[in-house]
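Structure first, then comments.
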Amino acid sequence: MKRKGSAHWSGDLRTGKGTISTESGALAAIPYGFATRFGEQKGSNPEEIIGAAHAACFSMALSAELAKAHIVAAAIDTTSTVELAQAAGGGFEIPTVHLTVTVQAPDADRAAVEAATNTAKANCPVSKVLRAAITMDATYEV
């Protein structure tokens, strides 16, 4: 199984403009540029798209891990915060990704939910592809 995302860019780094799209059409020519990536201008950027993909992947992986413990969550809400920082030698890097998750699983065993959460963090495919240090905050409503 292969999925595609694409980008188009025109112009120089600071004044150029680009669009991001996905093969499915869920994202179609979403604009991005220097000001949306490095500044405060509204619009998309690669880091928030990585964050959304990571949050979605992690949530699905957590659901699968919970199922192994015979737990079905009423809700899993995940935010992935992707940090873009200037590297010591110049250029930019993504040094950290932080997951914030709230798991609603009334009457579930807290230890089992925590174990499933940590396993999902380590093993979801997007976590594996990211070489950044991945941290996490979790809220359990059990």
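Laid out as a table, the results:
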| item | result |
| --- | --- |
| Single match in Ser21, Ser6, Ser44 (criterion: hydroxyl-bearing (Ser, Thr, Tyr) and surrounded by 18 or more Cβ atoms within 10 Å (Cβ to Cβ)) | Ser44 |
| Identity of the residue in the stretch 49-77, within 22 Å of Arg37 (Cα to Cα) and in contact with a helix residue (DSSP H, G or I) (Cβ under 6 Å, 6 or more places away or on another chain), that ends up surrounded by the most Cβ atoms within 10 Å (Cβ to Cβ) | His54 |
| Verdict on Ala35 being out of contact with any Pro (no Cβ under 9 Å at 6 or more places or on another chain), of a type in the set (A, V, I, L, M), surrounded by fewer than 17 Cβ atoms within 10 Å (Cβ to Cβ) and more than 25 Å from Ala122 (Cα to Cα) | yes |
| Residues located in the stretch 96-131, provided they are without any contact (Cβ under 8 Å) to a residue 40 or more places away in the chain, farther than 16 Å from Ala69 by Cα and surrounded by 14 or more Cβ atoms within 10 Å (Cβ to Cβ) | Thr96, His98, Thr100, Thr102 |
| The stretch 64-81 residues that are under 18 Å from Ala111 (Cβ atoms), paired with ones that are part of a strand (DSSP E or B) (beta carbon under 7 Å, 6 or more apart) | Ala73/Val103; Ala73/Gln104; Ile76/Val101; Ile76/Val103 |
| Residue check for Thr19: part of a loop (DSSP other than H, G, I, E, B), among the β-branched types (Val, Ile, Thr) and either touching a residue at least 60 places away in the same chain (Cβ under 8 Å) or not assigned by TED's automatic domain parsing to the domain that holds Ala132 (or both) | no |
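The values are calculated or read from the model by the stated rules, or taken from the named source; none is laboratory data. Just so it is clear, the structure is predicted and the values come from calculations on it, not from any experiment. All Cβ positions, even for glycine, are placed from backbone atoms using ideal geometry, and neighbour counts span all protein chains on display.
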